[in-house]
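Visitor: Handing you a structure now.
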Amino acid sequence: MPGIVCAIAGAELMPETRFTLVEADIRKATFLRTVLRETGVRAEVIAERIERTTPLQADCLSARALADLGELLTFATLHLVPAGKALFPKGATWEKEVEAARARWNFTAIPHRSMTHPEAVILEIGDVSHV
């Protein structure tokens with residue numbers, strides 16, 4: 001869901017930016033395509049699992065409620081350009097996820113406090129590599 005919101009906002013604020021939305025659930029992918037068509041926003045929807053998707057070479061990657069941080073970092077190494085950033089919304093246990101992920105990964109993590117929940121953050125992740 002964060003991708004469609006970003007694509008709609010980006011169409012007005014950054015019209016040259018390309019958005020690719022990856023959604024494995026065919027019904028949800030169809031919904032995303034419908035929203036894009038109805039709003040006139042240009043973006044690509046890929047209806048397959050993120051781990052099966054051809055590397056996207058993205059500057060920015062986001063995922064909501066998909067996996068724990070360790071698994072998300074696997075997707076980040078697959079789909080981000082080397083200097084890319086990932087933005088991952090995380091709930092109240094975000095610090096435990098960061099600590100657990102550091103056992104397998106090196107990365108920078110800047111937490112940005114959520115405006116919707118006092119214990120949640122959006123983690124800005126960069127410089128991802130295996131330990």
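Bear in mind these aren't lab numbers, they're just calculated from the coordinates by the rules spelled out. These numbers were taken from a predicted model, which means no experiment stands behind them. A quick note on method: Cβ atoms are made from the backbone with ideal geometry, for glycine too, and the neighbour counts reach across all protein chains shown.
Visitor: Could you check, for segment 92-113, whether at least one of its residues is within 21 Å of Val5 (Cβ to Cβ), among the small types (Gly, Ala, Ser) and in contact with a strand residue (DSSP E or B) (Cβ under 6 Å, 6 or more places away or on another chain)?
Guide: no
Visitor: Next question. Scan segment 1-13 residue by residue and report those that are in contact (Cβ under 8 Å) with a residue 40 or more places away in the chain and part of a helix (DSSP H, G or I).
Guide: Pro2, Gly3, Cys6
Visitor: Further, regarding this structure: Specify the residue that is nearest to the chain's Cα centre (by Cα); the eligible residues are those in segment 34-43 that are surrounded by fewer than 14 Cβ atoms within 10 Å (Cβ to Cβ) and under 21 Å from Glu16 (Cβ atoms).
Guide: Among residues in segment 34-43 that are surrounded by fewer than 14 Cβ atoms within 10 Å (Cβ to Cβ) and under 21 Å from Glu16 (Cβ atoms), the one nearest to the chain's Cα centre (by Cα) is Arg42.
Visitor: If you don't mind, there's one more thing I want to ask. May I ask you to list the residues in segment 60-71 that are under 11 Å from Thr20 (Cα atoms) and surrounded by fewer than 18 Cβ atoms within 10 Å (Cβ to Cβ)?
Guide: Listed by number, the list holds a single entry, Cys60.
Visitor: Moving to a separate point now. Please enumerate the residues belonging to segment 1-33 that are closer than 16 Å to Cys60 by Cα, surrounded by fewer than 19 Cβ atoms within 10 Å (Cβ to Cβ) and touching an Asp or Glu at 6+ places or on another chain (Cβ under 8 Å).
Guide: Arg18, Thr20
Visitor: Going by what's in this entry, would Gly91 be described as under 30 Å from Glu119 (Cα atoms), surrounded by 15 or more Cβ atoms within 10 Å (Cβ to Cβ) and over 11 Å from the mean Cα position of the chain (by Cα)?
Guide: It is false that Gly91 is under 30 Å from Glu119 (Cα atoms), surrounded by 15 or more Cβ atoms within 10 Å (Cβ to Cβ) and over 11 Å from the mean Cα position of the chain (by Cα).
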